[in-house]
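A.B. asks: Questions regarding the structure given below will be posed in turn.
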Amino acid sequence: MTDFLVRHFVPNHEHTEEQQVRASYGRFAGIVGVVTNLLLAVMKFIAGTLFHSLAITADAVNNLSDSASSIVTLMGFKLAEKPADEEHPFGHERIEYISGLIVSIAVLFVGIQLVEEAVGKIVSPQAAKIGVLSIVILLISIAVKLWQSVFYRKVAKQIDSATLTATAADSRNDVFSTAAILFGIIITKLTGFNLDGYVGLAVAVLIIVTGIQLIKETSNPLLGQAPSKELVNSIYKDITSYDGILGVHDLTVHNYGPNRWFASVHCEVDAHQDVLVSHDLIDNIERTVGQKLGIQLLIHMDPIIADDPRTNELCHQVSEMVKAVEPRSTIHDFRVVWGPTHSNLIFDVCVPFSCNLTDEEVRNRVKMGVRALSDTYYPVVTVDRDYVPCSASEHGERA
(Lines give C-alpha, C1' and ligand atoms only; values in the text may rest on other atoms or scores of the structure.)
Protein backbone atom coordinates (compact mmCIF):
# COMPACT_ATOMS: atom_id res chain seq x y z
CA MET A 1 0.00 0.00 0.00
CA THR A 2 2.85 2.38 0.77
CA ASP A 3 4.29 1.95 -2.72
CA PHE A 4 0.86 2.61 -4.23
CA LEU A 5 0.41 5.84 -2.27
CA VAL A 6 3.94 7.04 -3.02
CA ARG A 7 3.51 6.43 -6.76
CA HIS A 8 0.30 8.48 -6.83
CA PHE A 9 1.15 11.32 -4.44
CA VAL A 10 4.92 11.88 -4.72
CA PRO A 11 6.04 13.25 -8.11
CA ASN A 12 9.27 11.74 -9.47
CA HIS A 13 9.39 9.44 -6.45
CA GLU A 14 12.28 7.42 -7.90
CA HIS A 15 14.73 10.34 -7.63
CA THR A 16 15.15 10.37 -3.85
CA GLU A 17 18.59 12.00 -4.11
CA GLU A 18 16.93 15.27 -5.19
CA GLN A 19 15.97 17.67 -2.40
CA GLN A 20 12.59 18.55 -3.97
CA VAL A 21 11.64 14.88 -4.14
CA ARG A 22 12.74 14.32 -0.51
CA ALA A 23 10.62 17.31 0.50
CA SER A 24 7.63 15.84 -1.37
CA TYR A 25 8.07 12.56 0.52
CA GLY A 26 8.27 14.44 3.82
CA ARG A 27 5.22 16.59 3.11
CA PHE A 28 3.18 13.57 2.09
CA ALA A 29 4.21 11.64 5.21
CA GLY A 30 3.33 14.66 7.35
CA ILE A 31 -0.13 15.00 5.79
CA VAL A 32 -0.81 11.29 6.28
CA GLY A 33 0.16 11.62 9.95
CA VAL A 34 -1.99 14.69 10.57
CA VAL A 35 -5.11 13.16 8.99
CA THR A 36 -4.89 9.66 10.48
CA ASN A 37 -3.95 10.84 13.98
CA LEU A 38 -6.73 13.44 14.04
CA LEU A 39 -9.29 10.77 13.07
CA LEU A 40 -8.03 8.44 15.81
CA ALA A 41 -8.08 11.26 18.38
CA VAL A 42 -11.70 12.17 17.56
CA MET A 43 -12.85 8.53 17.78
CA LYS A 44 -11.11 8.00 21.12
CA PHE A 45 -12.40 11.23 22.60
CA ILE A 46 -15.93 10.10 21.77
CA ALA A 47 -15.36 6.60 23.19
CA GLY A 48 -13.63 7.93 26.31
CA THR A 49 -16.47 10.35 27.00
CA LEU A 50 -19.23 7.82 26.38
CA PHE A 51 -17.69 5.08 28.55
CA HIS A 52 -16.04 7.32 31.16
CA SER A 53 -12.62 5.82 30.38
CA LEU A 54 -9.69 8.00 31.40
CA ALA A 55 -7.28 5.61 29.68
CA ILE A 56 -8.97 5.94 26.30
CA THR A 57 -9.22 9.72 26.69
CA ALA A 58 -5.51 9.87 27.51
CA ASP A 59 -4.78 7.80 24.41
CA ALA A 60 -6.79 10.34 22.42
CA VAL A 61 -4.55 13.10 23.78
CA ASN A 62 -1.55 10.99 22.74
CA ASN A 63 -2.91 10.80 19.18
CA LEU A 64 -3.54 14.53 19.21
CA SER A 65 0.12 15.11 20.14
CA ASP A 66 1.10 12.75 17.31
CA SER A 67 -0.90 14.93 14.94
CA ALA A 68 0.99 17.97 16.23
CA SER A 69 4.28 16.10 15.70
CA SER A 70 3.21 15.38 12.12
CA ILE A 71 2.65 19.10 11.61
CA VAL A 72 6.20 19.69 12.89
CA THR A 73 7.46 17.06 10.42
CA LEU A 74 5.50 18.72 7.60
CA MET A 75 6.93 22.15 8.45
CA GLY A 76 10.43 20.72 8.85
CA PHE A 77 10.53 19.23 5.37
CA LYS A 78 8.98 22.39 3.91
CA LEU A 79 11.57 24.67 5.53
CA ALA A 80 14.42 22.29 4.62
CA GLU A 81 13.46 22.78 0.97
CA LYS A 82 14.47 26.46 1.08
CA PRO A 83 17.52 27.20 -1.08
CA ALA A 84 20.78 28.50 0.35
CA ASP A 85 20.98 32.22 1.08
CA GLU A 86 23.47 34.74 2.48
CA GLU A 87 22.68 33.86 6.10
CA HIS A 88 22.67 30.10 5.45
CA PRO A 89 25.12 29.48 2.58
CA PHE A 90 25.05 25.70 3.16
CA GLY A 91 21.27 25.49 2.82
CA HIS A 92 18.49 24.73 5.31
CA GLU A 93 18.41 20.93 5.17
CA ARG A 94 19.53 20.53 8.79
CA ILE A 95 16.05 21.75 9.77
CA GLU A 96 14.96 18.18 9.11
CA TYR A 97 17.26 17.03 11.93
CA ILE A 98 15.76 19.66 14.24
CA SER A 99 12.21 18.53 13.47
CA GLY A 100 13.28 14.94 14.19
CA LEU A 101 14.67 16.07 17.54
CA ILE A 102 11.37 17.79 18.36
CA VAL A 103 9.44 14.60 17.57
CA SER A 104 11.85 12.60 19.76
CA ILE A 105 11.33 15.01 22.67
CA ALA A 106 7.58 14.68 22.17
CA VAL A 107 7.91 10.89 22.45
CA LEU A 108 9.79 11.29 25.74
CA PHE A 109 7.21 13.78 27.05
CA VAL A 110 4.33 11.41 26.27
CA GLY A 111 6.15 8.61 28.12
CA ILE A 112 6.59 10.79 31.21
CA GLN A 113 2.91 11.77 31.12
CA LEU A 114 1.89 8.11 30.90
CA VAL A 115 4.05 7.29 33.95
CA GLU A 116 2.23 9.92 35.98
CA GLU A 117 -1.14 8.64 34.79
CA ALA A 118 -0.24 4.98 35.40
CA VAL A 119 0.97 5.67 38.97
CA GLY A 120 -2.31 7.48 39.64
CA LYS A 121 -4.30 4.47 38.43
CA ILE A 122 -2.26 2.10 40.60
CA VAL A 123 -2.79 4.24 43.68
CA SER A 124 -6.46 4.98 42.97
CA PRO A 125 -7.91 2.40 40.54
CA GLN A 126 -10.95 3.62 38.63
CA ALA A 127 -13.47 1.27 37.12
CA ALA A 128 -14.60 2.20 33.64
CA LYS A 129 -17.58 1.10 31.65
CA ILE A 130 -16.70 -1.48 29.06
CA GLY A 131 -18.46 -1.44 25.70
CA VAL A 132 -18.01 -3.16 22.37
CA LEU A 133 -17.57 0.22 20.67
CA SER A 134 -14.57 1.11 22.82
CA ILE A 135 -12.91 -2.24 22.09
CA VAL A 136 -13.56 -1.87 18.34
CA ILE A 137 -12.08 1.65 18.35
CA LEU A 138 -8.97 0.44 20.18
CA LEU A 139 -8.54 -2.42 17.70
CA ILE A 140 -8.88 0.02 14.79
CA SER A 141 -6.32 2.26 16.45
CA ILE A 142 -3.83 -0.60 16.81
CA ALA A 143 -4.26 -1.52 13.14
CA VAL A 144 -3.82 2.08 11.98
CA LYS A 145 -0.75 2.60 14.18
CA LEU A 146 0.82 -0.61 12.92
CA TRP A 147 0.30 0.58 9.36
CA GLN A 148 1.71 4.01 10.26
CA SER A 149 4.83 2.44 11.72
CA VAL A 150 5.44 0.38 8.59
CA PHE A 151 4.63 3.34 6.33
CA TYR A 152 6.97 5.77 8.12
CA ARG A 153 9.77 3.22 8.37
CA LYS A 154 9.60 2.45 4.67
CA VAL A 155 9.53 6.10 3.62
CA ALA A 156 12.34 6.89 6.09
CA LYS A 157 14.48 4.17 4.52
CA GLN A 158 13.77 5.44 1.01
CA ILE A 159 14.92 9.00 1.76
CA ASP A 160 17.24 8.28 4.73
CA SER A 161 15.25 10.48 7.12
CA ALA A 162 15.99 10.57 10.85
CA THR A 163 12.74 12.48 11.41
CA LEU A 164 10.55 9.77 9.89
CA THR A 165 12.55 7.06 11.64
CA ALA A 166 11.67 8.74 14.94
CA THR A 167 8.04 9.04 13.87
CA ALA A 168 7.94 5.33 12.95
CA ALA A 169 9.23 4.45 16.43
CA ASP A 170 6.59 6.73 17.98
CA SER A 171 3.84 4.95 16.04
CA ARG A 172 5.19 1.58 17.16
CA ASN A 173 5.11 2.75 20.78
CA ASP A 174 1.51 3.85 20.32
CA VAL A 175 0.66 0.29 19.32
CA PHE A 176 2.03 -0.94 22.66
CA SER A 177 0.27 1.85 24.55
CA THR A 178 -3.14 1.19 23.01
CA ALA A 179 -2.68 -2.59 23.29
CA ALA A 180 -1.92 -2.17 26.99
CA ILE A 181 -5.16 -0.23 27.46
CA LEU A 182 -7.09 -2.92 25.61
CA PHE A 183 -5.35 -5.68 27.58
CA GLY A 184 -6.18 -3.94 30.86
CA ILE A 185 -9.84 -3.60 29.90
CA ILE A 186 -10.13 -7.29 28.98
CA ILE A 187 -8.34 -8.51 32.16
CA THR A 188 -10.49 -6.25 34.29
CA LYS A 189 -13.64 -7.59 32.63
CA LEU A 190 -12.62 -11.24 33.07
CA THR A 191 -11.07 -11.17 36.56
CA GLY A 192 -12.29 -8.02 38.19
CA PHE A 193 -8.65 -7.11 38.99
CA ASN A 194 -7.65 -3.77 37.49
CA LEU A 195 -4.29 -4.19 35.70
CA ASP A 196 -4.64 -1.02 33.68
CA GLY A 197 -2.21 1.01 35.77
CA TYR A 198 0.50 -1.67 35.96
CA VAL A 199 0.46 -2.42 32.24
CA GLY A 200 0.39 1.29 31.46
CA LEU A 201 3.46 1.85 33.66
CA ALA A 202 5.44 -0.83 31.83
CA VAL A 203 4.51 0.67 28.46
CA ALA A 204 5.39 4.18 29.68
CA VAL A 205 8.88 3.06 30.73
CA LEU A 206 9.39 1.48 27.29
CA ILE A 207 8.32 4.71 25.60
CA ILE A 208 10.70 6.78 27.76
CA VAL A 209 13.65 4.51 26.90
CA THR A 210 12.77 4.78 23.21
CA GLY A 211 12.46 8.56 23.48
CA ILE A 212 15.93 8.85 25.02
CA GLN A 213 17.42 6.67 22.28
CA LEU A 214 15.70 8.73 19.57
CA ILE A 215 16.94 12.00 21.07
CA LYS A 216 20.48 10.66 20.95
CA GLU A 217 20.11 9.45 17.35
CA THR A 218 18.53 12.65 16.05
CA SER A 219 21.02 14.86 17.93
CA ASN A 220 24.12 13.17 16.49
CA PRO A 221 23.97 14.85 13.05
CA LEU A 222 23.51 18.26 14.69
CA LEU A 223 26.52 17.70 16.95
CA GLY A 224 28.77 16.70 14.05
CA GLN A 225 28.53 12.94 13.64
CA ALA A 226 31.47 11.10 12.04
CA PRO A 227 30.82 9.97 8.45
CA SER A 228 30.16 6.34 7.72
CA LYS A 229 33.15 4.09 7.17
CA GLU A 230 31.71 3.20 3.75
CA LEU A 231 31.83 6.85 2.62
CA VAL A 232 35.34 7.34 4.00
CA ASN A 233 36.60 4.18 2.30
CA SER A 234 35.06 5.27 -1.00
CA ILE A 235 36.73 8.69 -0.83
CA TYR A 236 40.16 7.21 -0.08
CA LYS A 237 39.82 4.44 -2.64
CA ASP A 238 38.72 6.72 -5.48
CA ILE A 239 41.40 9.35 -4.80
CA THR A 240 44.30 6.89 -4.45
CA SER A 241 43.24 5.16 -7.69
CA TYR A 242 44.76 8.10 -9.63
CA ASP A 243 48.37 7.82 -10.74
CA GLY A 244 50.41 10.59 -9.17
CA ILE A 245 48.74 10.53 -5.75
CA LEU A 246 51.41 9.31 -3.30
CA GLY A 247 49.42 9.62 -0.08
CA VAL A 248 46.19 10.90 1.44
CA HIS A 249 45.61 12.35 4.90
CA ASP A 250 43.66 14.88 6.98
CA LEU A 251 40.27 13.92 5.56
CA THR A 252 37.42 15.92 7.08
CA VAL A 253 33.76 15.37 6.17
CA HIS A 254 30.91 17.72 7.08
CA ASN A 255 27.19 17.08 6.74
CA TYR A 256 24.70 19.94 6.33
CA GLY A 257 21.63 17.79 5.80
CA PRO A 258 20.66 14.56 4.05
CA ASN A 259 22.51 14.21 0.74
CA ARG A 260 24.49 17.41 1.42
CA TRP A 261 28.11 16.49 2.14
CA PHE A 262 31.30 18.56 2.07
CA ALA A 263 34.78 17.03 2.31
CA SER A 264 38.35 18.32 2.40
CA VAL A 265 41.51 16.24 2.20
CA HIS A 266 45.28 16.59 1.73
CA CYS A 267 46.87 14.70 -1.16
CA GLU A 268 50.62 14.15 -1.49
CA VAL A 269 52.20 14.55 -4.92
CA ASP A 270 55.79 14.38 -6.21
CA ALA A 271 57.51 17.71 -5.56
CA HIS A 272 59.56 17.28 -8.77
CA GLN A 273 56.47 17.12 -10.97
CA ASP A 274 55.42 20.28 -12.82
CA VAL A 275 53.09 22.18 -10.50
CA LEU A 276 50.63 22.81 -13.34
CA VAL A 277 50.42 19.06 -14.02
CA SER A 278 49.82 18.34 -10.32
CA HIS A 279 47.22 21.09 -10.12
CA ASP A 280 45.42 19.70 -13.16
CA LEU A 281 45.40 16.24 -11.53
CA ILE A 282 43.91 17.68 -8.33
CA ASP A 283 41.23 19.56 -10.27
CA ASN A 284 40.20 16.39 -12.11
CA ILE A 285 39.96 14.41 -8.86
CA GLU A 286 37.89 17.09 -7.14
CA ARG A 287 35.41 17.19 -10.00
CA THR A 288 35.20 13.48 -10.86
CA VAL A 289 35.24 11.98 -7.36
CA GLY A 290 32.95 14.71 -6.02
CA GLN A 291 30.34 14.05 -8.70
CA LYS A 292 30.59 10.28 -8.31
CA LEU A 293 30.08 10.31 -4.52
CA GLY A 294 27.66 13.24 -4.42
CA ILE A 295 29.92 15.44 -2.27
CA GLN A 296 31.60 18.83 -2.65
CA LEU A 297 35.27 17.88 -2.49
CA LEU A 298 38.17 20.25 -1.79
CA ILE A 299 41.76 18.96 -2.03
CA HIS A 300 44.90 20.57 -0.61
CA MET A 301 48.02 19.61 -2.54
CA ASP A 302 51.13 18.60 -0.52
CA PRO A 303 54.35 18.32 -2.59
CA ILE A 304 56.79 15.82 -1.08
CA ILE A 305 60.23 14.47 -1.92
CA ALA A 306 59.58 10.87 -2.91
CA ASP A 307 62.89 9.76 -4.47
CA ASP A 308 65.36 10.36 -1.63
CA PRO A 309 66.26 6.93 -0.15
CA ARG A 310 67.75 8.45 3.01
CA THR A 311 64.58 10.48 3.73
CA ASN A 312 62.31 7.53 2.93
CA GLU A 313 64.24 5.23 5.27
CA LEU A 314 64.10 7.79 8.07
CA CYS A 315 60.39 8.28 7.44
CA HIS A 316 59.88 4.54 7.88
CA GLN A 317 61.87 4.49 11.13
CA VAL A 318 59.91 7.41 12.55
CA SER A 319 56.63 5.80 11.52
CA GLU A 320 57.49 2.59 13.38
CA MET A 321 58.58 4.59 16.43
CA VAL A 322 55.30 6.55 16.42
CA LYS A 323 53.31 3.31 16.33
CA ALA A 324 55.15 2.21 19.45
CA VAL A 325 53.76 5.31 21.16
CA GLU A 326 50.21 4.74 19.82
CA PRO A 327 49.65 1.68 17.56
CA ARG A 328 46.77 3.33 15.64
CA SER A 329 48.72 6.50 14.81
CA THR A 330 50.13 7.54 11.45
CA ILE A 331 52.48 10.27 10.22
CA HIS A 332 52.25 12.52 7.18
CA ASP A 333 53.82 15.61 5.60
CA PHE A 334 57.23 14.17 6.53
CA ARG A 335 60.21 16.22 5.40
CA VAL A 336 63.83 16.63 6.50
CA VAL A 337 66.10 19.65 6.36
CA TRP A 338 69.50 17.99 6.37
CA GLY A 339 72.43 19.90 7.94
CA PRO A 340 76.10 19.24 8.76
CA THR A 341 75.62 19.26 12.57
CA HIS A 342 71.89 18.62 12.96
CA SER A 343 68.80 17.88 10.86
CA ASN A 344 65.26 19.14 11.36
CA LEU A 345 62.54 16.48 11.08
CA ILE A 346 59.18 18.13 10.38
CA PHE A 347 56.03 15.99 10.34
CA ASP A 348 52.46 15.57 11.61
CA VAL A 349 51.27 12.73 13.83
CA CYS A 350 47.63 11.68 13.47
CA VAL A 351 46.07 9.88 16.47
CA PRO A 352 42.47 8.72 17.03
CA PHE A 353 40.19 10.51 19.50
CA SER A 354 40.04 7.30 21.53
CA CYS A 355 43.75 7.67 22.40
CA ASN A 356 44.08 8.25 26.15
CA LEU A 357 47.17 10.42 25.78
CA THR A 358 46.87 14.19 25.49
CA ASP A 359 48.29 15.95 22.44
CA GLU A 360 51.17 17.26 24.55
CA GLU A 361 51.96 13.78 25.89
CA VAL A 362 51.97 12.35 22.36
CA ARG A 363 54.21 15.17 21.15
CA ASN A 364 56.71 14.73 23.97
CA ARG A 365 56.93 10.95 23.59
CA VAL A 366 57.41 11.23 19.83
CA LYS A 367 60.13 13.84 20.28
CA MET A 368 61.92 11.57 22.76
CA GLY A 369 61.65 8.72 20.25
CA VAL A 370 63.13 10.82 17.46
CA ARG A 371 66.04 11.96 19.64
CA ALA A 372 66.63 8.31 20.56
CA LEU A 373 67.20 7.57 16.86
CA SER A 374 69.96 10.20 16.81
CA ASP A 375 70.82 13.16 19.00
CA THR A 376 71.44 15.16 15.82
CA TYR A 377 67.73 15.02 14.93
CA TYR A 378 65.57 17.98 15.99
CA PRO A 379 61.86 17.07 15.65
CA VAL A 380 59.14 19.60 14.87
CA VAL A 381 55.93 17.68 15.58
CA THR A 382 52.28 18.65 15.02
CA VAL A 383 49.61 16.38 16.55
CA ASP A 384 46.34 15.89 14.65
CA ARG A 385 43.22 13.99 15.64
CA ASP A 386 41.65 11.55 13.19
CA TYR A 387 38.24 12.99 12.20
CA VAL A 388 37.16 9.88 10.29
CA PRO A 389 36.46 6.34 11.58
CA CYS A 390 39.45 4.71 9.89
CA SER A 391 43.09 5.56 9.46
CA ALA A 392 44.55 7.01 6.29
CA SER A 393 47.30 4.40 6.50
CA GLU A 394 44.73 1.84 5.40
CA HIS A 395 44.34 3.73 2.13
CA GLY A 396 47.81 4.29 0.82
CA GLU A 397 49.35 7.00 2.98
CA ARG A 398 53.07 7.21 2.20
CA ALA A 399 54.08 6.79 5.82
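A.B. asks: Would it be correct to say that Ile31 is touching a helix residue (DSSP H, G or I) at 6+ places or on another chain (Cβ under 9 Å), surrounded by fewer than 19 Cβ atoms within 10 Å (Cβ to Cβ) and closer than 21 Å to Ser177 by Cβ?
C.D. replies: It is false that Ile31 is touching a helix residue (DSSP H, G or I) at 6+ places or on another chain (Cβ under 9 Å), surrounded by fewer than 19 Cβ atoms within 10 Å (Cβ to Cβ) and closer than 21 Å to Ser177 by Cβ.
A.B. asks: Phe9: more than 25 Å from the chain's Cα centre (by Cα) and closer than 30 Å to Phe183 by Cβ, yes or no?
C.D. replies: no
A.B. asks: I'm checking my understanding of the structure. Among residues of the stretch 171-230 that are small (Gly, Ala, Ser) and at pLDDT 85 or above, which one is farthest from Thr57 (Cα to Cα)?
C.D. replies: Looking at the filtered set, the residue picked out is Ser219.
A.B. asks: So is Leu139 over 30 Å from Gln296 (Cβ atoms), at pLDDT 90 or above and out of contact with any Asp or Glu (no Cβ under 8 Å at 6 or more places or on another chain) or not?
C.D. replies: Details: over 30 Å from Gln296 (Cβ atoms): yes; at pLDDT 90 or above: yes; out of contact with any Asp or Glu (no Cβ under 8 Å at 6 or more places or on another chain): yes.
Spelling it out, Leu139 is indeed over 30 Å from Gln296 (Cβ atoms), at pLDDT 90 or above and out of contact with any Asp or Glu (no Cβ under 8 Å at 6 or more places or on another chain).
A.B. asks: Here's a follow-up. Answer yes if at least one residue in the stretch 62-75 is more than 30 Å from Phe183 (Cα to Cα), assigned by TED's automatic domain parsing to the domain that holds Ile185 and not β-branched (Val, Ile, Thr), and no otherwise.
C.D. replies: Within the stretch 62-75 (the criterion being more than 30 Å from Phe183 (Cα to Cα), assigned by TED's automatic domain parsing to the domain that holds Ile185 and not β-branched (Val, Ile, Thr)), the answer is yes, since at least one residue qualifies.
A.B. asks: Restricting attention to the stretch 195-213, and to residues there that are over 10 Å from Lys121 (Cβ atoms), buried (at least 18 other Cβ atoms within 10 Å of the Cβ) and β-branched (Val, Ile, Thr), which single residue is nearest to the chain's Cα centre (by Cα)? Steps first, answer last, please.
C.D. replies: At the first step, the residues of the stretch 195-213 found to be over 10 Å from Lys121 (Cβ atoms) are 202-213.
In the following step, the residues that additionally are buried (at least 18 other Cβ atoms within 10 Å of the Cβ) were identified as 203-204, 207-208, 210-211.
Pick out the ones that are also β-branched (Val, Ile, Thr) and you get 203, 207-208, 210.
Details: Val203: 27, Ile207: 21, Ile208: 20, Thr210: 16 Å.
Per the criteria, the residue is Thr210.
A.B. asks: Then there is this: Which count do you get for residues in the stretch 61-75 that are of a type outside the set (S, T, N, Q) and buried (at least 24 other Cβ atoms within 10 Å of the Cβ)?
C.D. replies: Of the residues in the stretch 61-75, 1 are of a type outside the set (S, T, N, Q) and buried (at least 24 other Cβ atoms within 10 Å of the Cβ).
A.B. asks: So, one more: Does any residue in the stretch 217-246 that is within 26 Å of Ser354 (Cα to Cα) come within less than 6 Å, Cβ to Cβ, of a residue that is among the β-branched types (Val, Ile, Thr) and not in a loop (DSSP other than H, G, I, E, B) six or more places away or on a different chain, and which pairs are these?
C.D. replies: Hits for this filter: Pro227/Val253; Tyr236/Val248.
A.B. asks: Which residue is nearest to Arg335 (Cα to Cα), if the candidates are limited to the stretch 348-386 and must be part of a loop (DSSP other than H, G, I, E, B) and of a type in the set (Val, Ile, Thr)?
C.D. replies: Checking each candidate, the answer is Thr376.
The values are calculated or read from the model by the stated rules, or taken from the named source; none is laboratory data. Since this is a predicted model, take the numbers as computed values, not measurements. Heads up, the Cβs are rebuilt from the backbone with ideal geometry, glycines too, and the neighbour counts pull from every protein chain shown.
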